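Inspection log for the structure reproduced underneath, given as structure tokens.
The values are calculated or read from the model by the stated rules, or taken from the named source; none is laboratory data. Note that the structure is predicted; figures quoted are calculated from it, not measured. Backbone-built Cβ (ideal geometry, glycine too); neighbour counts: all protein chains shown.
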Amino acid sequence: MRPLSNKASTLVFFSRRTDMPYHYHSSLGQLNFNGSMMYEAQDVYTGDIISGLQAETNFTVIINPSGVVMWYLYPIKNLEMSQQ
């Protein structure tokens, strides 16, 4: 993980496996992201966008053998402000 400006971050997932894809299971909370924000992630290589990620949202990243997946992660909503 690398923090960027405006509360954005890059997340890089890599695999050293050579036999089969690796399925990495996690959540933003496990990666120490703020629980009061909603995030969106864009896969840097494919352009795919994952919306509505919150700290408790579980996700799985599939990483090809000896491969890399890179996300540009940025906040789209402050949940505390939207609930007032």
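Odds and ends about this structure:
- Each residue in segment 59-84 was checked for being over 16 Å from Pro3 (Cβ atoms) and either under 10 Å from the mean Cα position of the chain (by Cα) or surrounded by 15 or more Cβ atoms within 10 Å (Cβ to Cβ) (or both), and 6 of them qualify.
- Within segment 49-62, residues that are in a strand (DSSP E or B) sit with their Cβ atoms under 6 Å from residues that are surrounded by fewer than 11 Cβ atoms within 10 Å (Cβ to Cβ) and not aromatic (Phe, Trp, Tyr), at 6+ positions apart or across chains, in these pairs: Thr60/His23; Thr60/His25; Ile62/His23.
- Residue satisfying all of: in segment 49-73; of a type in the set (Ser, Thr, Tyr) and at pLDDT 95 or above; nearest to Arg17 (Cα to Cα) among these: Thr60
- First in segment 1-29 and outside any strand (DSSP E or B), second anywhere and charged (D, E, K, R), Cβ under 6 Å, 6 or more apart: Gly29/Glu56
- Pick from segment 11-32, criterion touching a Pro at 6+ places or on another chain (Cβ under 9 Å) and surrounded by 15 or more Cβ atoms within 10 Å (Cβ to Cβ), ranking: modelled with the lowest pLDDT: Ser15
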